[in-house]
Amino acid sequence: MGWEAIENVKPVYSKSAVPADGVLVKTRRAMNDIRFIEVKVGGVLAKRARFHADEYKIRLLFGTGPDAGKIAVSLDQQNGTFLARKGRRNEVYTLTINRAAAEGLFSLEFDPFTVSNVEAIRPENGQPPMFTFKASAQMLEVE
């Protein structure tokens, strides 16, 4: 009796875990079309960056010069244009960057990536708490 392998035509998705002291960045689909970028912030990093409430307004900043390729996430209740929400069952915060906001800055075609050991930046002179992380090369490839 012989056996023949059956090929799985649907890709296998891994349940990528968010590092407690870092971020997980991936794209999300709706109706088989990539709609937005999802950034998940680990619980330890969120506490270091002073995230305590269920949701916050966030300001995203794109690095230039020596910080090129980095993304800064700043807790800014007054000027924030993105929303970070705390998960129901865990301490992970999620924020999304929609297609319109990503256009010209980020690609929507990249593999998920994690960045561990992200340090929160201590606020100075009344600045809001923030942290930065390096985006992947694929994420930065803009057409």
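The values are calculated or read from the model by the stated rules, or taken from the named source; none is laboratory data. Just so we're clear, the structure is a prediction, and the values are computed from it rather than from any experiment. Virtual Cβ from ideal backbone geometry, glycine too; neighbours counted across all protein chains shown. Each accessible area value is taken on the protein alone, full model and side chains, heavy atoms only, with ligands, DNA and RNA left out. Shrake-Rupley method; radii C 1.70, N 1.55, O 1.52, S 1.80 Å.
Going through the cross-link list Lys10/Lys40; Lys26/Lys57; Lys10/Lys70, which pairs have a Cα-Cα distance over 28 Å in this structure?
Lys10/Lys70
Would you work out the charge dipole size for the range 10-83 about its Cα centre, treating the Cβ of every Lys and Arg as +1 and the Cβ of every Asp and Glu as -1, and quote it to the nearest 20 debye?
240
Return the FRET efficiency for the residue pair Lys47, Asp67: r is the Cβ-Cβ distance, R0 is 22 Å, and the value is rounded to the nearest 0.05.
For Lys47 and Asp67, the calculated efficiency is 0.35.
Expressed in whole Å with the largest first, what are the equivalent ellipsoid semi-axes of the range 1-112 derived from the C-alpha gyration tensor as the square root of 5 times each eigenvalue?
31, 19, 13
What's the longest piece of the chain with no exposed trypsin sites (Lys or Arg not before Pro), counting a site as exposed if DSSP puts it in a loop and it has at most 15 other beta carbons within 10 Å?
Value returned for the longest uninterrupted segment is 90-143.
Label points 7 Å out from Cα along the Cβ direction at Arg28 and Asp111: separation in nm?
Label-label distance for Arg28 and Asp111, simple model: 2.3 nm.
Which value, in debye to the nearest 20, describes the size of the charge dipole of the range 51-143 about its Cα centre when Lys and Arg Cβ atoms bear +1, Asp and Glu Cβ atoms bear -1, and nothing else is charged?
Using Cβ point charges on Lys, Arg, Asp and Glu, the range 51-143 gives about 360 debye.
Rounded to the nearest whole Å², what accessible area per residue is found for the chain with the 1.4 Å probe?
Heavy-atom accessible area per residue stands at 69 Å².
Using a 7 Å offset from the Cα along the Cα-to-Cβ direction at both Arg85 and Glu103, what is the distance between the two label points in nm, to one decimal?
Modelled inter-label distance: 2.5 nm.
Enumerate the calculated ³J(HN,Hα) couplings along the range 38-49 in order (Karplus 6.51 cos²θ - 1.76 cosθ + 1.60, θ = phi - 60°), each rounded to whole Hz, writing x wherever the residue is Gly or Pro.
Going residue by residue, I get 10, 10, 10, 9, x, x, 5, 4, 4, 5, 5, 8 Hz, with x marking Gly and Pro.
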